[in-house]
């Protein structure tokens, strides 16, 4: 543990690239699958991700017992061994459980935590006040990511609200931008830091599961934080952008878009993702814990067709 | 028409007392019942209401055709004949229909219109911008009431937002306060006008259908704008308050509370109200247009018991 | 532990009377207050409650750490010592944490658990399927309470759906009825068991915090499961009903109604309840964990006035 | 008028192809633009659409006055002159206005109306009962389309509910399928008619604005009813499918997908669509009535890039 603490670099505002939101692998019988977890970590790092995010919605976090969450996070952090920063979802209905989870994962070697507002806050002042309490809860030493995801939280954070939160939160180093449509908001937050009104934080996007990545990079995003069974798409798009080859970035993106769109369907999206990851040999089982969706034969046929077409198109543009 | 325009006093910020939200009477076969409409107007004025509000949610406004709305408003205005101001609900999904309805009812002699925000606006800035457009739509000559009713709109307007709207809206003369719990908001809006931060407007309350009237008057409300089959309750509570007899106000209120609570049940409340109004001989039929609730024999037995008890308690405190 | 298991009677369908939903007492600094917990248990039993429910929404369950929840439940069960059944809220976003919590509290001596549907289920079939999984999770030995509370869950369970759940769930022994307006639903569920279509379960009501208790008892409810700083109101109303003195039941109810109404305000209701319980000497501090409301001086003055009036009215009807 | 009535074929269950949901063209000053309306009709028919749908959400229906709606529908029907069926959105909060609008547009020559459930209905039985009242309102002679669009209505209609509605509704001839994820539902509705459990109706899809069209056609959809600034995409995809060339259908679809995805962004989607239609010379102005979004220079640059890339890709696959 001591060694880990020495080598783990905490999250900071310079983060770029792809922070992949991982799934949580289970065996067919529904137990945590730690061997698949290790394989998944290696796969992600091999594909070039620059960070990982665990215990998000797509990680079935709420279906794990407290002990399972601890075991899973520990396994991830041990396997990663400081090679990339790992962010842990810490949204909780109360501050005592938020602090408990945060203390636990930071001790294990997490680089920071991610917090979304609860659906009970609505007005601008309520949202700002909530994050004041988050700051009080997390303390001065835990870097954190502000998650803006109205589809799941029901909370609309306007640009002025986000700027107020950033001003009040010296340890908030990143915005996970998932509002949709969110391009205008992204532009205005970047403009505010360029005008010096607020310090510049990292902005990673997850808008529709990466379905607007090229446009978001153009607007000033530093990369993506979302999930997709082909993380190499996001890595390659970000790299092409970093190399100033915007057309190439779009061409890569477009090749993956038909399947990405299919995987981003609300409800069955996670089942599609785990199915593909299992097909790719990354995880042993596509099992999802109840309550959760199952793919039909027709769904699987759709995925097979889209995968074949994607492979063909990737060869054409290579 | 000319004559009406001469005698109709427009709504202003000095409004006090009870602006009753009326039902829309139908015959058993579902047609507009204009004779009952006249009788209802007379009943309300006889009980001492100081204003009327028509075409609200409890007036089944959305179930009327455009022509029926016009006929009903005209009948009300003709019968009232300028004796009290009549406010007309003008919330609409678009500004063209809002203007059309407003022009029409103001020409007929309405004292002002009432507007609630659409459920699509969420952030503070969106809400304020919406009412800027309302001001643009209504123009300089139409006094209007800001309706704050989160239960039906889903829109949470914080005190700072309401103050911003009042500052931007010279023709907004009244707040219909229906947020719940809303006592703290009521206190803070009154405090702002006392500190001179914003001009004083009339505040009439509808919180839970008048279920917090005594406390709201204590906090600075000027009266009530809501519906109840016994408008005399609200009138008498307001009068006792105006006479500085707060204990008497509570005692009157408490006598009606068991039935008021029963009438305020979401869903069947309107059926309860129309049933009682029909029992009292005010309207000919308790009919509600579809889709709408129907009372069961057990509901009617509940109302009968509560009414007997209310009559007895009123006699005790007389 | 062994001894407790021997004496604890599990919850069954014959439950009647008042199952009070308790608060969770904290010290002024926000720590669990176990001395106040003991005092609160004694107070409740002294007032005549026939059961207790802990870790509900009004118990600030989501603001406790897992360890705090365990400590609190253990304290309650130890103090109760089998004198009345204790039900524990076990709603959880996943089945693994639901099972973990259930196993833990049943071992400690709980009489059963209570489960509400998650907001993600919507159609009739989805709701029924969800509770099939609940049955699978809880197993054959844990009696459970079906909580129907649309205001907090957003899930509308129609009468046919509730009947389907009861048919599929041999261990569901109670319905916590909190739909509002819910009198018609209550009547139709009772009618179904009287026609022999479904077995009879206990129905305890919480509609608006007991604000419809007399009417609900008339429709066939067996009692109440809700919270109020004056549990004796609900106990005395239930006893008058059991003695067939319906008018007396109403008269008692009406005396408490003005304060009960005030305590049931969404948002600040829990603060009102804890304030009164502290005033009555039941708990040492009215503290609520963040995020939570605070009472103003004006709120406290309202409560003081209502309390004085209630005491006077209770003396009049004694 | 007599002539129109003779030649207008009413909507029936054999409908296939693309029923385009049209925009409502305005001038820069916000007035109805009837010349652009005529041009838009000609453009759509020229591109091969088999039907039109007007006064939907994307047609800014709620922002029109009653008179403007009538004028616009009349203009469309006159220009179409019976060449394709025109469906008119008739969802309304009450049945009197629904009947009024329906009578009016059927007299003018509409082929049928479209109805979505109001957000107030929730349980299976409530939804079914609502459409029983729709049938009663529309009568025996008006063919209607059942619109299943949970994103805008909040109403989840399960497959059993849709089958119950179809059984109760002899004049419901089409399902506008917009649930997302909806492929499983589409498959199960088709399976039910194949098993003879329910009569076969036309199913046109609008899932995400056509973003799943190829997969939906594979599952048994008869075509699309949605909007897109390139209606030829949907027409060509449907034609390739009808010719059994599924790969070609996908290839066409994929070429348009990057821009289609951009146009389907919630909130600014309509502004994107009108911008492109104006660029294509179809409508004179991209104006949207307030409240509505405006495109930024960055948005317009995005669209320009995507359009260039689309043109290039279409040339490659031609």
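Values in this text are rule-based calculations from the coordinates and carry no lab data. All values reported here derive from a predicted model rather than from experimental measurement. Note that each Cβ is placed from the backbone with ideal geometry, even for glycine, and that neighbours are counted across all protein chains shown.
Max-minus-min Cα coordinates of the protein assembly as shown on each principal axis give 90, 83, 66 Å, with the largest extent listed first. Label sites at residue B:70 and residue B:317, each approximated as a point 7 angstrom past Cα along Cα to Cβ, lie 4.6 nm apart. Between copies, the label points at residue D:188 (set 7 angstrom from Cα along Cα-to-Cβ) are spaced 2.2, 4.1, 4.6 nm, reported in nanometres from shortest to longest. Nearest 5 percent is fine: what portion of the DSSP beta bridges confined to the stretch D:2-244 is antiparallel? Of all bridge pairs located within the stretch D:2-244, approximately 5 percent are antiparallel.
Along its principal axes, the stretch C:163-318 has C-alpha extents of 54, 40, 25 angstrom, given from the largest down.
Plainly put, the tip 7 Å out from Cα toward Cβ on residue B:247 is 2.8, 8.8, 9.3 nm from that tip on each other copy, the closest given first.
What number do you get for the stretch A:74-190 when its Cα radius of gyration is normalised by 2.2 N^0.38 Å, N = residues?
On the way: Rg = 14.3 Å, N = 117, 2.2 N^0.38 = 13.4 Å.
Expressed relative to 2.2 N^0.38 Å, the Cα Rg reads 1.07.
Distance from the C-onto-B rotation axis is smallest for the Cβ of the chain C residue given, in whole Å, as C:257, 3.
Take every DSSP beta bridge with both residues inside the protein assembly as shown and express the antiparallel ones as a percent of the total, to the nearest 5.
Values: 4 of 112 bridges.
About 5 percent, rounded to the nearest 5.
In whole percents, the pair-distance distribution calculated for the stretch A:1-101 from its alpha-carbon pairs, binned every 5 Å from zero, is 2, 12, 23, 24, 21, 13, 4, 1, 0. Residues considered: C:59, C:30, C:220. Largest GNM mean-square fluctuation over chain C, using C-alpha springs under 10 Å, is found at C:30.
The tail of the calculated P(r) for the stretch D:58-115, taken as Cα-Cα distances beyond 20 Å, holds 16 percent of the pairs. For the segment D:206-214, counting C-beta atoms of other chains within 10 Å of every residue's C-beta and taking the mean gives 2. What separates the residue B:220 label point from its copies, with the point 7 Å along Cα to Cβ, is 4.0, 5.1, 6.3 nm, written shortest first. Where only DSSP H runs of four or more residues are counted, the protein assembly as shown gives -15500 deg cm²/dmol as its mean residue ellipticity at 222 nm, each run worth -39500 (n - 2.57).
Would you mind estimating how fast chain D diffuses translationally, via Stokes-Einstein at 10 °C and 1.306 mPa s with the Kirkwood radius over Cα pairs, in µm²/s? All intermediate terms of the calculation are to be shown ahead of the outcome.
Details: Rh = 19.9 Å.
The diffusion coefficient I find is 80 µm²/s.
Normalised by 2.2 N^0.38 Å, where N is the number of residues, the alpha-carbon radius of gyration of the stretch B:130-238 equals 1.05.
Short-range pairs are left out: with C-alpha atoms under 8 Å and at least six residues apart, the relative contact order of chain A is 20 percent.
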